[in-house]
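Below you'll find the structure, written out as structure tokens, and then a few comments.
What follows is calculated from the coordinates using simple rules that are stated; it is not laboratory data. Every value quoted in this text rests on a predicted model; they were computed, and no experiment measured them. FYI the Cβ positions are ideal-geometry reconstructions off the backbone, even for glycines, and counts take in every protein chain you see.
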Amino acid sequence: MRWVVRTPWPVFTLSMLQADIIGALFVLGFLRFGLPPEDRLLLQDLPATNLWFFLAYLLVAFTVGAALSLWLLAPVFRWQRRDALLVDPDPEGTELARSRALRMPIYRTAIAAVNWLIGGVVFISVTWPVDSSMAPVLAVATALGATATSIIGYLQSERVLRPVAVAALRGGSPNAFHAPGVLQRLLLTWILSTGVPVLTILMAIVASKTHILDATAEQLFVPILLLTVTALIVGLTGTILVAMSIADPLRQLRWALGEVQRGNYNAHMQIYDASELGMLQAGFNDMVRDLAERQRLRDLFGRYVGEDVARRALERGTELGGQERYVAVLFVDLVGSTHLAATRPPGEVVTLLNEFFRVVVDTVDVHGGFVNKFQGDAALCIFGAPIEHPDASGAALASARELHDNLLPLLGDEFGIGVSAGRAIAGHIGAQARFEYTVIGDPVNEAARLTELAKVEPGRVLASSTAVSDADGTEALAWDVGEIVQLRGRTEATQLARPRVLASSDEVEREDISQLTDEVSEGLK
């Protein structure tokens, strides 16, 4: 049973005993100091038989209460032991154990109240032969002591058994069990801190006026003063307990909110009880799970369609159709990909394509472009949609030149790049249940045809003169306008443009060798 020692149950048992002791001290203190000297009941005045009978009842009551508590806790112990030993759970036993664990503070309070009720009757019976006129005073004192004991015991038990409640509420609240909420807890605190002491003072004054007590109003000054001090101490204790039961989950909620604001969607709250505070904690956890799911979907959505498209769709919604935009289009395609797939292992081909697309995405992204789609071993890149670009043509032309230099070490000259610009329709194309964001128009067709022609060009990069003329700044100066050709599938002729200076594959290889030599020389130094 060593695992029991590591659970809250030993502390729970001590809290039960502590609450009973506090209640007993409250009653005895009231009878000893809360009454005038001439009305006090002294235990040494009781017959020995009566006193031993009352002490025997206390022992029996505590034994019966402990045995009943153990019987109620038996399913909880079996449930916790199965968890500790990692044994397969029993669904019916688990449900019963979770229900018992959550209801244990209420069970403990009910057992204590019944023990006090019977104990009050026994106490009045054993004191009746000495002073039967004290029966009303004893009844009131016992009732107030039972109330204080029950409330303190409940608040203590609820806090001590919080780890057990957390484990029991992982699967939700069983059998729609609801614990006392904030209003009920505050009401219990008011009864403990205000109702019981004030009622005690009131009963003392009424007893004096109705001659149940022999003391005068002046003689009640010291007892009332002591009761007031007791009220302050007990009230402070009860207020601290209920404040902690409310403040702890709110403090945890504030921490969890801070974690979520920092982007940690793994933050969650432990559900302390089945009250509205527990519902708040459970609701927060559900909200964070939904936010995490939305974030994962948004991340996947952005990876599939592009971050700009995803952000625009989330902010403005999506609908079929598009709008006419001025865009620049960059198309890049590999040469001999069919032969590559037939002569190399599939894993190696996939690795090469992934590295190829990584270079394309990184290069285009630096210049503010958007990789619209991957088509086999080709990529369609858009500048100016869905987000407008101040110099779409210049960005596309600069990307083409930089992409050429970045792809040479990876592919040699086995690729072609084409750049075009003009008016096109950009929007969501497809059916209501399945669509994609794309750009349709003559610039896309022209860029694709320029790419086919660029595959046999020495520099592997071609652009239309329209894209060059529309470019701002110094980018247009980096291109030479050449001959006019008729591209396949187009009715209008296209004037070609080529970059003025492009590194060849041999130059790139020489630069790599020179850089390696410099690194080796530096290492030898």
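Proximity of backbone amide H atoms, modeled 1.01 Å from N, is registered between PHE415 and VAL335 at under 5 Å, excluding neighbours fewer than 5 places apart on the same chain. From most to least packed by mean Cβ count within 10 Å, the peptides 71-78, 476-483, 374-381 give 374-381, 71-78, 476-483. Restricting the trypsin sites (Lys or Arg not before Pro) of the range 220-269 to loop positions (DSSP other than H, G, I, E, B) with no more than 13 neighbouring Cβ atoms within 10 Å leaves ARG262. Here PHE53, PHE415 are placed in order of increasing Cβ neighbour count within 10 Å, fewest first, which gives PHE53, PHE415.
Loop-located trypsin sites (Lys or Arg not before Pro) in the range 397-504 (DSSP state other than H, G, I, E, B) with a sparse environment of at most 11 neighbouring Cβ atoms within 10 Å: ARG488, ARG500. In terms of packing, defined here as the mean over residues of other Cβ atoms within 10 angstrom, the peptides 353-363, 55-65 line up highest first as 353-363, 55-65. Straightening the chain between LEU70 and LEU14 buys 18.8 nm, computed as 0.36 nm per residue apart minus the Cα-Cα spacing. In plain terms, the chain from ASP442 to GLN184 could stretch by 85.7 nm, reckoned as 0.36 nm per residue minus the Cα-Cα distance.
Set the Förster distance to 30 Å, then compute FRET efficiency between GLU293 and ILE191 from the Cβ-Cβ distance, nearest 0.05. Plugging the Cβ-Cβ distance into 1/(1 + (r/R0)^6) gives 0.10.
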